[in-house]
Structure formats: structure tokens, C-alpha cells
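Beneath this line is the structure, given in C-alpha cells, with notes to follow.
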Amino acid sequence: MLEALLALPFALALLIACMTKASRRTIAWTAAVAPLGGLAILGLITPRILDGETVRSTVEWVPAVGLDLILRVDGLGWMFGGLVLAIGALIVLYAAYYLDPRDSARRFFATLLMFMGAMLGLAISGNLLQLVVFWELTSISSFLLIGFWKHRHDARVGARMALAVTGGGGLALLGGVVLLGRIVGSYELDAILAAGELVRAHALYPAALVLILLGAFTKSAQFPFSFWLPHAMAAPTPVSAYLHSAAMVKAGVFLLARLHPTLAGSELFAILVVSTGAATFVISALFAIWQHDLKGLLAYSTLSHLGLITMLFGLSAPMAVVAGLFHMLNHATFKASLFMSAGIIDHETGTRDLRRLGGLRKLMPVTSALAMIATLSMAGVPLLNGFLSKEMFFTEAAAAGDGPISDHLLTLVATVGGVLSMAYSLRFLRDAFFGDAPRDVAINAHEPPRFMRVPVEILVAVCVLVGLLPAFTIGPILEAGARGVLGPDLPDYDLAIWHGFNLPLAMSIVSLVGGLLLYATLQRRTDIHAKQTPQVIKTAYEHVIHGLYRLSCWLTSRIENGSLQRMMVLLVVAVAVMALAPFVQGHALGAAQATQPLPLLGALLWVLIVAGALGTVLLHHQRMKAVIVIGAAGLGVSLAFVVLSAPDLALTQLLVEIATIALMLLAMNFLPQVAAREPRARRLRDALLALAGGSGVAVLTWAVLTRPLDTVAGEMLARALPQGGGTNVVNIILVDFRGFDTMGEITVFAIAGLLVHALLRTAKVSPERAWPDAMRLTIPQVVVQLLLPLAIAVAVYLFLRGHNEPGGGFIAGLVLAVPLLLQYVVIGLGRPNPRLAARVLAMIGIGLLLAVGTGAGAIAFGHPFLTSAHGHPALPLVGHVPLASVMIFDLGVFMVVAGTILLALLSLARAAHPETIAGVGDGDTR
């Protein structure tokens, strides 16, 4: 059930991405299935959550290292997940009417659902490493959503700024999580939440705390990282309403709540969190007063309220945690409704500038009434939900006498923040809805379509109902969320409108009256519309980014100047330093085992390999000869594998040599046949580096080959047939025992092919020197063409027998590619069919999907990722046929290998014929 809850948004995002012909309404209805379906699933487990149970689901991933996919829904995860889904459902309805017909609804809703799934995964993750993965996915998807209007400069800048800040914080969070896992000895959330005393007493606690707080503060835009959130307002309003009021920026404070039992309770935690929250609360509220953009004002007010919530979690008292969760829920409702109201105003008037708005209560009476109620809730006016949680905040601030920060100081900070909150709320109300009619707008203001306003009406109704009936409406939700943080022993609290005359009520009155007086004074004595808030931190950030860019350019110019030789020198030096490091620290190779005598054939092969290597060095400036000689060295290695009884490796090495040499011959068509000679000093330097590197590799190889033979090999041989269902142990290792490694390797292989394709896709390169006829292979074209059907038959044969005999997907892919390579070498680089590259790209993609799908299929049957299944079904007239699921995986390997080599061929042919880049070709695919 929990797996379906998590998979639903991602599955529908993929479906929407494929709906190229669907209308915006169809796409919106499809997108709505994700949050509504998720709410239905949460509804099924709600009775268990309200009874205090934690619902878990574990899917084995890599059990050998304890890495599993763990989904865990307690009261906090249920509350936050429900918030993400409920607000998300309203955002989908709102966006269906907000988006312009010219906007890509498919791209918008697919990305929105990807973000929704990431936030949901964050809420219900039961493993901290898994939580970090979803954390980073929220940063990536929010980057795409903020920059949705990619034609706008401010959207691109805001997206990059958000990704830089939150991505940097994500790296810090990863470091903190790793330290936390090292302290506890586990990354499972249950173990970490139960180890609070152990963590706080550990020497690594301060470092882990600071790193985790950096992640939380950057994501929730706490001071001094607040500057990115206002610039993210360049996103479409549905994005602002979702990401920056109810979802993404809540991720940071959610993390504080999630790890509260583990991290809270120390003086360091209180000082860092309370001071950061207090600074954000006051400074952002002050900046909000001077904003001229509706969404800008709401952005700074969001920052202020996030600071308030952060302060509450920093106080660490049980009742402060309850107040923080309560305000998290209340803020999501009134702030999402305000953002959507701002979007309606922008949609129906053509502007969000408060200096040009006014009098909307007469032109848009319903929308204005809804927005005014939500604004009053944001200001903390009685009988609305914002008043209740702000009263609890004032209570906790005034009662924080036992903490490291004075309760008098916190009382002052809370009151000042409340005054400023009332002031910016009044500015929002007066400038938008009162006064003269809108000025200099291109559209006559009017009410929006009926269903565009429905989400605002629902949220405002929640603000009123919670404000009037808090215990009945939100009491069970808040209790479940608080139990997820504090455990079963909750503090006594009363969700009531009236608690008598007390200090928190006095603070509320001072906030409301003081905010009214402050705004009136500012209106009378200053021109608010002429003031601009300082951008000191943003300017500092831009200077840092510019400095880093200049530093990177300087380093690049010193390290990478286009010289392949220099890059190889740096690579060899770096490898040599790393290789020598263990010996500098005192480690030794250890005693070697006795060696076997070298047979005569082995000695001859050794001579061939050494001669080929030396010949390549001596003839390197004559490129064609060097390629041929290095092929001889590769052939010697292939024969050496034959001598060592490794037919799989020998066949693979031979085919790789053929493919590599053919590609190098084709690439030579674009280079001079003779390379320039280097100065004597450089050649001496390179010779010394080559001797050092080669000697080091030789010593390490000798050490490995002379180790004891009682290794894991015996176990692999014993398990291959009963567990892998095959007798070819090499293939079983590649596609079964170490299938995850192979999947990573073919992924890298495909990425390398795509990189070559991207680099040569628009290259307009003509051969510097056409090959003379004498240098072409004198093989009749018909002979080369006949090789292809033969190669197909051999490839199929090798693929089918690979599970029990030498062969497999990798070898079969190389066999299929070799005749095509030879055909290009013999005939030359003809014009490629422009549509063929797309088919080859699809082939690579399908191959990767087959490999991943094989692993996911095992999960569907309750087994770890890439667990294989095999059997011998009996077929009529055929008998028992050996079948294994890894054949599907091997088919993916085959498609990736063959497709990548073909893609490299097409890229070279495209570079040889620049006229095909524009899509002009004669259809000759060779």
C-alpha cells in the first residue's frame, strides 16, 4: 500500500510526459489522480495512525550492506504527507485555469507531480539516506518548476539561485546524515530516533548538527540564506503557492521536526536554531513591508513565518513542538490561499505591482473578500486559525525561561515580529483592495472563472473553521503529528479560542495595535512606494558566484588548455600519488606465493605484447602505423587469455580490439596522418612518468596475481548453477551476482556514447586530408555486406548460449557492431540517415529500461533488486528449455553496447558530412 502511495505521483508524471496529443483539461484531470489517490490511500491507514501505530513497509534493495527501501508513516509523516497531497490537489485544479494556452501543460504537470512525489517520499522515508535522495529530488524538480518560463531571464536566474543554495545545503545534509549514521551505526529512522542520548553525547554531534541544520536552513530559506526565495517568485503562481508556502520550504522545518528527538535537547541546538529563526522572523517581516510586488511581499512573509516555526522547534519544549506543528498547518492554508489570490489578481488585472493596484474590493468583491480573510489570518486576528497558533507561539516565547536565551528577549522578539506582521498585512490589504481603482493596467479587472476560485474558497473556509472550532477540526490531526515527534506522552494543551486575560493575549493586542500604528505612521511620514529593501546578502551571493566563476576559469586555463597530453600527465601523476599513499603510511604488499613456470607460448605472447607497446611508443607520431601496432599488442592480450583458459575474456578482448581499432581508423580520417614531434624535454618527462606509472601498475598486478588462491572464486563456482541457473560462471557473475555493477557500467557506456553524439552533433568538420586509395582496405564491398547477416546469426547464437557457454549480451553486441564498423572502414564515411540516429538512441534507451526493469521486476515479487529467477519448462516436441530472467537483462546489455557503437559511427559520419546536420540526407545508411 505504501509503495503504491509513493509510486503514484511518479507513474502519473511519466504518463503525462507521454501524453503529447492530450488537451490541457485531460492532462489536469490525469494529474489530479495522483493527490486524490494518495489521499485515499492515506485515508485507509488513518485509523491506525490515529491509534498511535506506525505503518511500515520494507523492500529489500541491497541487503548485503543493509540498504533497503523503507517506507514509514507515523503521525508526523501522515500529517505532512496529507498536507502535501491536499494542497497539491487544489494546486492542480487552480493551475488548470491559471496556465496560458501557450504554456506546456504536459511539462508543467509532469514536473509538478515529480515534485509532489519527491515531497511525499521525504515525508514517509524510513531511511535517512533514502530521505536525502528525495531531498535532492525536490531541489531538482523545484529548479525545473521555478524556471518553467524559461524565456524569462528572472525565472532562469531564480531557478539557478534556488538550486545553488538548496543544492549546497543538500550536500551539507548528506555529510551530516553520514556522520549521524556513523554515530548510531544505522541509517534506519527508527534506530536514529531512539538514539538521541547517544548522539548528543558523541564527539561528532556538533559537526553532524551543524551540517544537518545547514541543509534545513537553506531549504527553508532561513537567514542568511533567505535571499533565494523572493527570486523564486518568478515562477508561475501555482508553483509559488505549492513549493514556497505549503511544500518545499516546509521541508526544512519538517526535517527539524523529524529529527527533533535525536538532535534537540542541547544548548548548541537551542542557540543555533532559536537565533536563526528569530533573525529570520524579524528581518523578513521588516523587508516584507517595503515590497511592491504582491508575491514578493508574500514571499518575505513566508520567510518570517518559517522563522517563527523554526524558533518554536529550537525552544525544544514539548508544547513548543506542538505549536510549531500547529502553525505549520495554519500557515500552509492561509499562505497558499494568498498566493493563489495574488495569482488571480495578476491573471485578471495584468499586474502584481502594489503601486498600480487598488480598489479591487469593488471590481473583484468575492476574490477580495477571500484574500482579506486569509490576510487577517496571516496577521493573527482573532477567530481565524492564524491567531490560535500565534497565541501558542507567544505563550512558548514568554515561558522559555530555562533555555540558554532569555525569555524576556524572546518575548520582545515575538512581539516585534507580531507588530511587523500586522504592518505588512495591512499594506497588502490597503494597497490591493482599498483606495483608487487600478492604474496603468492593460486589463479591466474582473472575477476569475468560477473553478479557479474554488481552491481559495476551500482554504479560506478551513482558516475560518479552524479558527472557530479548532479542537473539532484540526485537533486529531495535530495530535497525530505531535505524537510522531514527541511519542505517546503529549503535553496537556487546549485548542480553544479564549484562554482568559494573560500575557500572550496582551502580546497579541500589542502586535495588532502596534502594527496598525506602525503602518499608519509609515503611511503618514514616508513614501512606502518609493522605498526599496536592501539586497546586501543577494549582492554578496552574486559576488561570491562571480568570484567562483573567475576562479574556475583561471584553474581551467591552468589545467585544461585543450592539450590531451597535459590532461594525461595530470591524470598519471594523480594516480601515482594515490597509489603511493598506502606505502608512505607504512603498508606493505606482503609475502607473495610461489609462481608457476612460464610456458614457451606465454613467453612468446609476452614478447609480442611488449613489442607492440614499444612499437606504439616509437611510432606514435605516425598515427596510422601506431594504430596498427597497438592492435598487435591487443591481439597478444587476447591470446594470453586463451592460454590462461579464459575464453570469455579472450573473445571480449578480441572484439573490443577490433571495434576500437576500426573506430580509431575512422577517427584518423579527421586528423593529419603524421603527428608533430614534441620537444626533447617534454618527451623525457613523459617517459619518466610512463615508467613510474607502468612500474606501479606492474607491481600492483604482481601483488594481486601472487595472492593466495582461496578467494571468492570458489564460492562463485559453487553457486553459479544452483543459484544462477547457468554453467558459464563469468556470465553469471556479470548479469546476476554483480548485476548491479554491470548495470552501472552499461549506463556509463551509454552516457559516453551520448556524449560523443552531443559533441559531434553540430560539428562541421571536414577531413583535413582525405585518405588515399592506397590506404583503404582492398576488400570487395559485397564481401563486407555479406558479413552483416552472418554476424547477426553469430550474435544471436552467442547471446542465446551465453548463460552456459562463452558468450552473452556484451559479446553479442560487439559481434553485431564489427561488420558495420568494417563496412565504414572499407567504403568510407557516407552520409547517414538523419532519422537513424533517433532510432539508435531509442535502442540505447530501451536497453537501459530492460536492464532496470529486470531489477524492478524482482522487487515486484518481493525479492531484492536484480534477483534472478530461472527454470526449465518443458515444451512439446522440444523438451526442457533452460530459461532465466537475466536473459532480459543481458538483452538490455546487448542493445546498449550495439547501440552505443552505432551511435559513434553515425556521429563520425555526420561530422564528415555537415550538410546532414540540418536534416538533409540522401537516405544512405550504409
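The numbers here are math on the coordinates, done by the rules we state, and not lab data. Keep in mind it's a predicted model, so treat the numbers as computed, not measured. Don't worry about glycine lacking a Cβ; one is built from the backbone with ideal geometry, like all the others, and counts go over all protein chains shown.
In what sequence do M668, M114 fall when counting other Cβ within 10 Å, fewest first?
Ascending number of Cβ neighbours within 10 Å: M668, M114.
Can you order the peptides 462-469, 234-241, 369-376 by their average number of other Cβ atoms within 10 Å per residue, highest first?
Ranked by mean Cβ neighbours within 10 Å, highest first: 234-241, 369-376, 462-469.
Looking at the range 616-690, which trypsin sites (Lys or Arg not before Pro) are DSSP coil and have at most 15 other C-beta atoms within 10 Å of their C-beta?
Hits after loop and neighbour filter: R677.
Rounding to the nearest 20 debye, state how big the charge dipole of the chain is about its Cα centre with +1 on each Lys and Arg Cβ and -1 on each Asp and Glu Cβ.
2900
Arranged from highest to lowest average of other beta-carbon atoms within 10 Å per residue, in what order do the peptides 128-137, 519-528 appear?
128-137, 519-528
Multiply the residue separation of V157 and K531 by 0.36 nm, subtract the distance between their alpha-carbon atoms, and state the gained length in nm to one decimal.
Net length gain for the segment: 132.3 nm.
Quick one: which of K295/K362; K219/K295; K250/K538; K250/K531; K150/K538 span more than 25 angstrom between C-alpha atoms?
Those over the limit are K250/K531.
Per-residue HN-Hα couplings for the range 697-703, Karplus 6.51 cos²θ - 1.76 cosθ + 1.60 at θ = phi - 60°, whole Hz, x for Gly and Pro?
5, 4, 5, 5, 4, 4, 5
Ranking H529, H260 by Cβ neighbours within 10 Å, fewest first, what do you get?
Arranged by neighbour count, lowest to highest, H529, H260 become H529, H260.
Quick one: grab the alpha carbon gyration tensor of the range 270-557, order the square roots of its eigenvalues as a ≥ b ≥ c, and give me rounded if a/c is under 1.5, else prolate or oblate depending on whether a/b is larger than b/c.
oblate
Where the only charges are on Cβ atoms (+1 Lys, Arg; -1 Asp, Glu), what is the dipole of the range 270-557 about its Cα centre, to the nearest 20 debye?
Using only the charged Cβ atoms, the result is roughly 940 debye.
Once R0 is set to 45 Å, what does the formula 1/(1 + (r/R0)^6) return for the Cβ-Cβ distance between A437 and L171, expressed as a FRET efficiency to the nearest 0.05?
Plugging the Cβ-Cβ distance into 1/(1 + (r/R0)^6) gives 0.35.
Could you give the length gained by full extension between R355 and M19, i.e. 0.36 nm per residue of separation minus their alpha carbon distance, to one decimal place?
116.8 nm
Suppose R0 equals 35 Å. What FRET efficiency, 1/(1 + (r/R0)^6) with r the Cβ-Cβ distance, do E457 and R48 give to the nearest 0.05?
Once the sixth-power term is evaluated, E becomes 0.65.
Starting at the first residue of the range 67-81, write each ³J(HN,Hα) from the Karplus equation 6.51 cos²θ - 1.76 cosθ + 1.60 with θ = phi - 60°, in whole Hz, x for Gly and Pro.
9, 10, 8, 10, 10, 9, 10, 9, x, 5, x, 5, 5, 6, x
With each pseudo-label sitting 7 Å past Cα toward Cβ, what's the L786-V510 distance in nm, one decimal?
10.0
On a 0 to 90 degree scale, rounded to 10, what angle separates helix 503-525 from the longest Cα axis of the chain?
That works out to roughly 90 degrees.
Points 7 angstrom from Cα along the Cβ direction at V575 and L618: gap in nanometres?
In this crude spin-label approximation the distance works out to 2.4 nm.
Which net charge results for the neighbourhood of A480, defined as the other residues with beta-carbon distances under 13 angstrom from its beta-carbon, given Lys and Arg at +1 and Asp and Glu at -1?
-2
Identify, among H543, N385, G809, the residue whose Cα sits farthest towards the positive end of the charge dipole of the chain, taking +1 on the Cβ of Lys and Arg and -1 on the Cβ of Asp and Glu, with the dipole about the Cα centre.
Checked the options; the winner is H543.
Ordered by packing density, taken as the mean number of other Cβ atoms within 10 Å over each peptide's residues, highest first, how do 795-807, 14-26 rank?
795-807, 14-26
What are the principal axis extents of the Cα atoms in the chain, in Å, biggest first?
Largest first, the chain extends 102, 72, 61 Å along its Cα principal axes.
How about the range 129-171: which trypsin sites (Lys or Arg not before Pro) there are in a DSSP loop, with at most 15 other Cβ atoms within 10 Å of their Cβ?
In loop regions of the range 129-171 (DSSP not H, G, I, E or B), the sparsely surrounded trypsin sites (Lys or Arg not before Pro) are K150, R152.
Quick check on the chain: helices-only [θ] at 222 nm, where DSSP H runs of length 4 and up contribute -39,500 (n - 2.57) each and the sum goes over total residues. Nearest 500, please.
So the helix-based figure for the chain works out to -23500 deg cm²/dmol.
Using the beta-carbon distance between L755 and H446 and R0 = 56 Å, what value does 1/(1 + (r/R0)^6) give for FRET efficiency, to the nearest 0.05?
0.60
In nm, what is the difference between 0.36 nm times the number of residues separating L555 and L717 and their Cα-Cα distance?
53.3 nm
What is the local net charge at S142, summed over the other residues whose Cβ is closer than 11 Å to its Cβ (Lys, Arg +1; Asp, Glu -1)?
Neighbour charge sum, excluding S142 itself: 0.
For L67, enumerate residues with amide H under 5 Å from its amide H, sequence gap 5+ or separate chain, H modeled in the peptide plane.
V62
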